[in-house]
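One structure below.
Here, each number is a calculation from the coordinates, and none is a lab measurement. Fair warning: this is a prediction, and the values are worked out from it, not measured in the lab. Glycine also receives a Cβ, built like all others from the backbone with ideal geometry; neighbour counts cover every protein chain displayed.
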Amino acid sequence: MVNELKNIENISIKNFQEDLISWFKAEQRDLPWRKDQDPYKVWVSEIMLQQTRVDTVIPYFNRFIEWFPTIEDLANANEDKVLKAWEGLGYYSRVRNLHSAVKEVNTKYDGKVPDTPKEISNLKGVGPYTAGAILSIAYGIPEPAVDGNVMRVLSRILSIWEDIAKPSTRKVFEEAVRQVISHDEPSAFNQALMELGALICTPTSPSCLLCPVRDHCQGFHEGVETELPIKTKKNTQRNVELAAIIVKDDNGKILIHKRPENGLLANLWELPNVELHQPIVMERAQIADLFSETFDMNIKLEKNIGQIEHIFSHLVWNIRLYIGTIGAGFSENNEWKFITLDEIEQHAFPVSFHKMLKLYKEYI
């Protein structure tokens, strides 16, 4: 690790800290979770911001805090309401883990977010980055909070040529932060690194001429800022073909199904759907048989009304949407129910459902 961080000696750490923090204090965005340093709000914001853009998060954060203003409120909340508050943000395991961890904090720590690395890291869904962010931003503890933005910024400033796609590389950047972080203002320092990566030191075409720490940047002086960071490409996404069905009862209500409590989109509601393992050769009658076999009910498909695509980080859903009917003998239970269009607001659905619902409304 000594070799990877050899360029730290080429910068004045004190001047670097001062330039970075001064810029942040003058130029930081007005974000709702920055209005105070409440550990709970910092925690919620950091979980929301994982793999999601700031502009997208802001309205979700405001609504979430309005619905669950304290740890106690969230700990005592019904899971369906928590999922509904998160609806549309994706990566739902984040909020399920948050809900579980908040319950632990409410009972084990009397509603106070732990302020030690060991205790906070033991909470479900709190990894090294989130732990460091909460400890530094909310509690002023000089712990590293290393995410993609921070790795990109420091790879350029310190000319670190390690592959940031490798999990082991995080340790290199955590050690770098420990060496350069301001112990007087760790909250401002860590937020400044994140802000710099979001606004100035962007993945492509970094705005070096506007950078407040350009004088300290080894990558800029060597003319290699656009070559850093080193990041190998991930595996390509897997394409999955699905068929979904809209079944209405005599009152015009739509049949919905609750997904299993484990796995992708756990516990969210959806339209009944099946995976098509041989989509090219499957006729409508065969797809209907697959529905009937999968759900042990007599389903008939009447018409295909279109197709939607929904993209995850690791796979792509291509979903054919059908209108259909269900045979006699069906009864509602905890996993199956008919709802009106107005009652959709009372249930948490994935984004793919809303895409299909839009397609259906255009059809009718």
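The table for this structure:
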read-out	value
Inter-probe distance in nm under a simple model that places probes 7 Å from Cα toward Cβ, at residue 304 and residue 358	2.2
At R0 = 22 Å, FRET efficiency that the Cβ-Cβ distance of residue 207 and residue 25 yields, to 0.05	0.70
Residues 89, 359 arranged by fewest to most Cβ contacts within 10 Å	359, 89
Calculated P(r) of region 159-264 - Cα pairs past 23 Å, %	53
Cα-based Rg / Dmax (Å) for region 302-364	13.6, 40
Tail beyond 39 Å, pair distance distribution of the chain (Cα, percent)	31
12, 292 arranged by Cβ crowding within 10 Å, fewest neighbours leading	12, 292
Tensor-based shape of region 220-364 (alpha-carbon gyration tensor, a/c under 1.5 rounded, otherwise prolate or oblate)	prolate
Where only alpha carbons of region 6-222 are counted, the Rg and the Dmax (Å)	17.6, 55
Sum of side-chain charges, residue 145 neighbourhood, beta-carbon under 10 Å (Lys, Arg +1; Asp, Glu -1)	-4
For the chain, with +1 on Lys and Arg beta carbons and -1 on Asp and Glu, the positive-most of 68, 349, 232 along the dipole	232
Debye, to nearest 20: dipole size of region 6-222, +1 on Lys, Arg Cβ, -1 on Asp, Glu Cβ	440
Theoretical FRET efficiency, 1/(1+(r/R0)^6), r = Cβ-Cβ of residue 222 and residue 56, R0 45 Å, to 0.05	0.80
Within region 94-149, chymotrypsin sites (Phe, Trp or Tyr not before Pro) in DSSP loop having at most 16 other beta-carbon neighbours inside 10 Å	109
Estimated FRET transfer efficiency (residue 76, residue 331; beta-carbon r; R0 25 Å; 0.05)	0.20
Magnitude of the charge dipole, region 129-198, Cβ model with Lys/Arg +1 and Asp/Glu -1, debye to 20	200
Likely footprinting exposure, 358, 337, fewest C-beta neighbours within 10 Å first	358, 337
Net charge of Cβ neighbours under 13 Å - reference residue 290; Lys, Arg +1; Asp, Glu -1	-3
Antiparallel DSSP beta bridges within the chain, percent to nearest 5	65
Magnitude of the charge dipole, the chain, Cβ model with Lys/Arg +1 and Asp/Glu -1, debye to 20	440
Charge sum, other residues only, whose C-beta stays under 13 Å from residue 82's C-beta, Lys/Arg counted +1 and Asp/Glu -1	+2
Approximate spin-label separation residue 240-residue 124, in nm, with each point projected 7 Å along Cα-to-Cβ	2.2
Among the listed pairs 84/358; 103/234; 103/361; 108/231, those beyond 30 Å (Cα-Cα)	103/234; 103/361; 108/231
Highest to lowest packing among 110-120, 264-274, 64-74, 148-158, scored as the average C-beta count within 10 Å	148-158, 264-274, 64-74, 110-120
For residue 242, distant residues with modelled amide H under 5 Å away	276, 318, 319, 320
Relative contact order of region 6-222, pairs being alpha-carbon contacts under 8 Å that are 6 or more residues apart, as %	24
Within a Gaussian network of the chain (alpha carbon springs, distance under 10 Å), most fluctuating of 136, 93, 313	313
